[in-house]
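Comments concern the structure below.
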Amino acid sequence: QVQLVESGGGLVQAGDSLRLSCTASGRTTSSYAMGWLRQAPGKEREFVASINWNGGSTYYADSVKDRFTISRDNAKNTVYLQMNSLKPEDTAVYYCAATRRPIASIRYQYDYWGQGIQVTVSS
């Protein structure tokens with residue numbers, strides 16, 4: 001089993017930056033692709049970004065491309081989401097997820113989930 005714990009969320013103003021972290025325990029995730037997804041109130045959970053097992057391949061939703069960067073440190077069993085130029089529409093609960101697939105951009109392709117962390121961007 002894999003347990004994922006997110007940290008780094010909070011309340012920021014539009015234009016600010018924030019870095020989310022997701023640390024895995026229970027089983028190493030170094031062979032798993034990792035992803036970040038988010039869910040705003042009243043909306044479906046949507047894909048944000050994903051990264052393959054060694055960080056050599058990344059994939060982003062169009063809405064965050066050029067603003068967000070996903071990275072990982074396998075020695076620390078941690079994946080990061082650097083979020084720059086935040087907008088009010090980025091407000092959501094952000095979830096870290098892991099998958100045995102090479103990479104994934106669809107919610108149902110992920111096997112393990114964190115509990116989620118709130119990110120609120122005020123205008």
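The values are calculated or read from the model by the stated rules, or taken from the named source; none is laboratory data. Just so it is clear, the model here is predicted, and its values are computed rather than measured. For neighbour counting, all protein chains shown are included, and Cβ atoms are generated from backbone atoms with ideal geometry for every residue, glycine included. Just so you know, the surface numbers come from the protein's heavy atoms only, side chains and all, with ligands and any DNA or RNA stripped out. Shrake-Rupley method; radii C 1.70, N 1.55, O 1.52, S 1.80 Å.
Key figures for this structure:
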read-out	value
Surface/4 of the Cα convex hull for segment 55-123, nm²	5.3 nm²
Shape call, the chain: gyration tensor on alpha carbons, a/c limit 1.5	prolate
Mean Cα-pair separation over length for the chain, i.e. relative contact order, pairs under 8 Å, 6 or more apart, %	36 percent
Surface share of carbon and sulfur [accessible, 1.4 angstrom probe, percent] for the chain	46 percent
Karplus-derived HN-Hα couplings along segment 12-23 (A = 6.51, B = -1.76, C = 1.60, θ = phi - 60°), whole Hz, x at Gly and Pro	9, 9, 4, x, 6, 10, 8, 10, 8, 10, 9, 10
Length-normalised contact order for segment 59-123 - Cα pairs under 8 Å, 6+ apart - percent	30 percent
Highest-fluctuation residue, 27, 72, 107 considered, GNM on the chain with Cα pairs under 10 Å	27
Residue-count net charge about residue 33 - beta-carbon cut-off 13 Å; Lys, Arg +1, Asp, Glu -1	+2
Accessible surface, per residue, of the chain when the full set of protein chains is kept, probe 1.4 Å, Å²	51 Å²
Phi to ³J(HN,Hα) by Karplus 6.51 cos²θ - 1.76 cosθ + 1.60 over segment 109-123, Hz, x for Gly, Pro	8, 8, 9, 10, 9, x, 7, x, 9, 7, 10, 10, 10, 8, 8
Under 12 Å, Cβ to Cβ, from residue 106 - net charge with Lys/Arg +1 and Asp/Glu -1	+1
Sequence-separation-based contact order of segment 31-86, relative, with Cα cut under 8 Å and 6+ spacing, percent	25 percent
Among 55, 42, 26, residue whose mean-square fluctuation peaks in a GNM of the chain (springs only between Cα atoms under 10 Å)	42
Other-chain or far-sequence residues with amide H under 5 Å of residue 72's (modelled H)	80
3J(HN,Hα) from dihedral phi, segment 81-88, Karplus parametrisation 6.51/-1.76/1.60, rounded to Hz, x for glycine, proline	9, 7, 10, 10, 6, 5, 10, x
